[in-house]
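Presented below is the structure to which this report refers.
Throughout, read-outs are computed from the coordinates displayed, never taken from laboratory work. The structure displayed is predicted, hence computed values, not measured ones. All Cβ positions, glycine included, derive from the backbone under ideal geometry; neighbour counts span all protein chains shown.
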Amino acid sequence: MINAAVLGSPIAHSLSPLLHAQAYQLLDIEGTYEAIEVRSGELASFLGSTDKNCLSLTMPLKEEALSLADSSSSLSQRISSGNTLTRADGKWFLTSTDVAGFEYSLKSQQIDALDTVMVLGAGATARAAVSYLSTVARKIHVVSRNAQREASMNKASDTPIDYLPWEPTSKINEVDLVVNTVPGDAASSFLSSINAPRGALFEVLYHPWPTELARTWANTDRLVVDGLELLIHQAISQMEIFSGVVLDRTFLHAHLRKAALKQLT
């Protein structure tokens, strides 16, 4: 039986319990899933005392988990983070479904074989994006506020990365895809740069929606992909890990997106 939870802080707003509960009901999977507030520095204590056997991780725990898991996948080591913990024989195994989340989200929009892309941010979500994008894009620009994160970002990428300072840049209009991974309204500083962009925007946020960046981009009549796509696709990949069953992604996605949108309205 799946005895699962999503951990992070803040966590009350999480849609993950809704998505997992809906999926378990649809698929007749026996399992429970709840949201539990776990702050930075508290994960070790939680892992040592919980009866859970499956865990989803969100901010600020994705990097912290890497040093606490008994073992981790090569993917988690590559992107220096993980969002999925499973326990077997008393040992915790860490991996990530965020990379798959980006892959399925973009492929479902027929976004593939890109020339140049731009990623805003350099945290765990940005590394997951770069890990996938570096397999399908010729050139990657990363706009970062923290040069100390460049080493871990380089480790996540199959191709050399061009780093840009955190300031408005006309390059935002020249790439095939922009991925915004920074929280809140931090990306609003790039609004003044947007002028007839040629590519799509993947905004990993989804609430409140639309963000200022998404609204401005949509007004140029270019494609905007919202963060619900990433949330749902990474969750489906987690469900496959938790249940050990290959799931009908198209069927699940349609039902889970409908449920999520209803919850958000």
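Assorted remarks:
- Crossing angle, helix 249-264 versus the chain [Cα axis fit, 0-90 degrees, rounded to tens]: 80 degrees
- Modelled label reach - Gln263, point 7 Å along Cα→Cβ, the range 25-39 residues with backbone N closer than 19 Å: 25-38
- Per residue, the average separation of C-alpha pairs within less than 8 Å and at least 6 apart gives the range 58-103 a relative contact order of 36 percent.
- For Ser131, Ser189, the sequence from fewest to most other C-beta atoms within 10 Å is Ser189, Ser131.
- Listed by chain and number, the lysines whose C-alpha is less than 19 Å from the C-alpha of Lys107, apart from same-chain residues fewer than 8 away, are Lys139.
- A helix-only calculation puts the chain at -10500 deg cm²/dmol for mean residue ellipticity at 222 nm, using -39500 (n - 2.57) for each DSSP H run of at least four residues, averaged over all residues.
- Mean Cα-pair separation over length for the chain, i.e. relative contact order, pairs under 8 Å, 6 or more apart, %: 16 percent
- Backbone geometry of the range 120-135 corresponds, through the Karplus equation with coefficients 6.51, -1.76 and 1.60 at θ = phi - 60°, to 3J(HN,Hα) couplings of 8, x, 9, x, 4, 5, 5, 5, 5, 4, 5, 4, 6, 4, 5, 8 Hz, x marking Gly and Pro.
- Cross-link reach list, lysines versus Lys91, counting only Cα pairs under 30 Å and skipping chain neighbours closer than eight places: Lys52, Lys62, Lys155
- Model label sites at Ser193 and Asn219, defined 7 Å from Cα along the beta-carbon direction, differ in position by 1.8 nm.
- Backbone geometry of the range 208-225 corresponds, through the Karplus equation with coefficients 6.51, -1.76 and 1.60 at θ = phi - 60°, to 3J(HN,Hα) couplings of x, 10, x, 6, 4, 5, 5, 4, 5, 5, 4, 5, 8, 6, 9, 5, 10, 9 Hz, x marking Gly and Pro.
- Lysines whose Cα lies under 18 Å from that of Lys258, excluding same-chain neighbours fewer than 8 positions away: none
- Derived scalar couplings ³J(HN,Hα) [the range 138-146; Karplus, 6.51 cos²θ - 1.76 cosθ + 1.60; whole Hz; x for Gly, Pro]: 6, 9, 10, 9, 10, 9, 10, 9, 9
- Each residue in Glu63, Glu229, Glu37 was given a count of other beta-carbon atoms within 10 angstrom of its own, and listing them fewest first yields Glu37, Glu63, Glu229.
- With q set to 0.13, 0.15, 0.18, 0.19 Å⁻¹, the log10 of I(q)/I(0) for the range 74-183, from the Debye formula over equal scatterers at the Cα positions, is -0.47, -0.61, -0.85, -0.93.
- Calculated FRET value between Gln109 and His13, using beta carbons and R₀ = 22 Å, to 0.05: 0.30
- Ordered by the number of other Cβ atoms lying within 10 Å of each residue's own Cβ, fewest first, Met153, Met1 fall into the sequence Met1, Met153.
- Label-to-label distance for Asp185 and Asp248 is 4.4 nm, based on points extended 7 Å past Cα in the beta-carbon direction.
- Amide H contacts of Tyr33 (H built 1.01 Å from N, under 5 Å, at least 5 apart or other chain): Ala4
- Put simply, the amide H of Val224, placed in the peptide plane, has neighbours under 5 Å in Leu201, leaving out anything fewer than 5 places away on its chain.
- In degrees, nearest ten, helix 98-107 long axis to first principal axis of the chain (Cα): 50 degrees
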